[in-house]
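The block underneath contains the structure these notes are about, expressed in structure tokens.
The values are calculated or read from the model by the stated rules, or taken from the named source; none is laboratory data. Computed from a predicted model, the values in this text were never measured in an experiment. Neighbour counts are summed over all protein chains in view; Cβ atoms, including those assigned to glycine, are modelled from backbone coordinates with ideal geometry.
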């Protein structure tokens, strides 16, 4: 009896979400097979502390060192939580695969949606490139320890290509497999952090002091101003805390999406905030030789920390833990990016939209969008063959594209005031103060991440984030005059949740 009741309730909730999607103007075509935990898991997997923290740990060692990494993580995490909560409230009102650009379009108009979409797309595609290339770097480090493999740029790029292909194939099997892999990913990440930190705490004979971990400042950027160095050092945390809009992009494939997607965003941030701090602290206390770690033959500073503290066998095992986590992360990011490509094409925004919006009748997956996502990510990472700083540029592209895109729908929601009708997940009286903190924070970090990261500024050391931002805005502007007649989101009903009391009852019954 209880099973029948649960099934009936689940089917009713799914019909409600399908009806809500129709009211927003879209016919449901994707399979709604992802649950509450699966939706949280995809954003947690994309944030991936074992990808972002580990990949940029060497960058953090140079731009402020331990003090900036640990205190910066705590501070950035708090501000990002504000961004996530504000974004979750808007997501609850507009649970569509288009996510950020659809919200901006409905709240601000077509051009707001257009530019938000292109920024979001740039960030998502840059994230695939950054994550999977980082996984290739760590794979090269593991092969170096095990077989004496020399991780040249050409070999690293070959590994990167294989990883992209793997993620494309996995995403073609449908959202149910993606959901299962993301659920496994959550436990792999949490267990992985516990194993790494425990091993680094127990095995090495020597550890750094508390004062070193929380007050040691290191500067190898060439800039003399410590405040400037500390500011650009926040990239480690801000880069890691990105991609949580994946929960919104998968909302058309999530049951009870009006609440589950919002909760998925917020949960993924605070769980990552806690676990990431534990990971960074564990790595920092275990540093044996600071300069030796930075100049490691593995080209991956965390690998040298493992090697110095645990020996070759222990280092290989922990690197394997990290690499698998990074593979989970990249797979989740391909899922999120492909849904963005699908949704943006569904509204006629991309060249060749008719192809990219096609959905497989067998798996209900946007197959062409998956291949486009991994293909563009491969192109973005290609300059790494010729420049050591290209990978840093890719991570900057990710941050500079996706971070402003988070703030635009939040700002437009604030501007709309009482005209905005929230969904069942809401912040109540905290909506405006949290929203303004989020918008201001994004404005600050967007400026920071366009600044040069090392001195002297040369062709190799230049921060190309500002160039990438300018290029995508110019291309978006140029394409607007071609696609403005075909682009447009459907104008559905502004809200389908009834009175404030009814919305409160829905939230209390689901949250």
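Worth a mention:
- In a residue-by-residue description of the stretch 136-145, the property of being in contact with a helix residue (DSSP H, G or I) (Cβ under 9 Å, 6 or more places away or on another chain), part of a helix (DSSP H, G or I) and free of Cβ contacts under 8 Å to residues at least 60 places away in the same chain applies to at least one position.
- Of everything in the stretch 263-300 that is surrounded by fewer than 18 Cβ atoms within 10 Å (Cβ to Cβ) and in contact (Cβ under 8 Å) with a residue 40 or more places away in the chain, the residue that is nearest to the chain's Cα centre (by Cα) is 270.
- Taken as a whole, the condition of being at pLDDT 90 or above, more than 30 Å from residue 349 (Cα to Cα) and more than 14 Å from the chain's Cα centre (by Cα) applies to residue 72.
- Residue within the stretch 115-127 that is more than 21 Å from residue 48 (Cα to Cα) and surrounded by fewer than 24 Cβ atoms within 10 Å (Cβ to Cβ) present: yes
- Failed criterion for residue 197 (all others in (1) surrounded by fewer than 19 Cβ atoms within 10 Å (Cβ to Cβ); (2) at pLDDT 95 or above hold): (1)
- The stretch 171-189, subset over 16 Å from residue 368 (Cβ atoms) and surrounded by fewer than 18 Cβ atoms within 10 Å (Cβ to Cβ), residue modelled with the lowest pLDDT: 176
- Residues (more than 14 Å from residue 142 (Cβ to Cβ) and in a loop (DSSP other than H, G, I, E, B)) located in the stretch 279-305: 286, 287, 288, 289, 295
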